[in-house]
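Peer 1: Sending over a structure as structure tokens; questions will come in a sec.
Read-outs: derived from the displayed coordinates by stated rules, not from any lab. Keep in mind the model is a prediction, meaning the values are calculated, not measured. Here the Cβ positions follow ideal geometry from the backbone for every residue, glycine too, while neighbour counts run over all protein chains shown.
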Amino acid sequence: MAEAEPQEEDCENSIKKMEKWNRDLEKLLEEMEKITVRAAWMTYNIVTIHTNPDLANSMKHLQDAFLRCKEQLGKKWQEVLKE
């Protein structure tokens, strides 16, 4: 009987280790998937911009407008909070 308990503990420890490894592996695979998707979008964007240089200028213009708008909203929000 005394020998059965350590084997059960070893088995439980092994199961816990495997479950942890499975969770870790799943997290790593999710991160790899995210990186793969980002790389695919970057490649798509590079090809698109290389094919149509005007698109890069338009995107820069939109980004600048967005940042200006975001800054103005932040200022207005601060004014509202002060009131």
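Peer 1: What dipole magnitude, in Debye to the nearest 20, does the stretch 7-51 give about its Cα centre under +1 on Lys/Arg Cβ and -1 on Asp/Glu Cβ?
Peer 2: Details: 7 positive and 10 negative charges, 93 e Å.
So the dipole magnitude of the stretch 7-51 works out to roughly 440 debye.
Peer 1: Additional query: With each label point set 7 Å from Cα along the Cα-Cβ vector, what nm distance links Leu25 and Asn52?
Peer 2: Going by the 7 Å Cα→Cβ label model, 4.4 nm.
Peer 1: Could you derive backbone 3J(HN,Hα) for the stretch 44-51 from the dihedral phi with the Karplus parameters 6.51, -1.76 and 1.60 (θ = phi - 60°), listing whole Hz in sequence and x where the residue is Gly or Pro?
Peer 2: For the stretch 44-51, the Karplus-derived couplings read 4, 4, 4, 5, 4, 5, 5, 6 Hz, x marking Gly and Pro.
Peer 1: Would you list, by chain and number, the aspartates and glutamates whose Cα falls below 16 Å from the Cα of Lys27, excluding same-chain residues fewer than 8 positions away?
Peer 2: Glu19
Peer 1: What nm value, rounded to one decimal, do you get for the distance between Tyr44 and Met59 when each label is placed 7 Å out toward the C-beta?
Peer 2: The answer from the label model is 1.2 nm.
Peer 1: Okay, moving on. Among Asn52, Leu25, Ile15, which residue has its Cα furthest toward the positive end of the charge dipole of the chain, with +1 on Lys/Arg Cβ and -1 on Asp/Glu Cβ?
Peer 2: Asn52
Peer 1: Cut-off under 18 Å on the C-alpha distance; same-chain residues fewer than 8 positions from Lys70 excluded. Which lysines are left, in chain and number order?
Peer 2: Straight-line reach from Lys70, under 18 Å: Lys60.
Peer 1: Let's see if you can work this out: charge +1 on each Lys and Arg Cβ, -1 on each Asp and Glu Cβ, no other charges. What is the dipole magnitude of the chain about its Cα centre, in debye to the nearest 20? If you can, show how the numbers build up before the last one.
Peer 2: On the way: 13 positive and 17 negative charges, 228 e Å.
The calculated dipole for the chain is roughly 1100 debye.
Peer 1: Ratio to report: Rg/Rh of the chain, with Cα atoms as the point set and Rh obtained by the Kirkwood method; give two decimals.
Peer 2: On the way: Rg = 26.8 Å, Rh = 18.6 Å.
Rounded to two decimals, Rg over Rh is 1.44.
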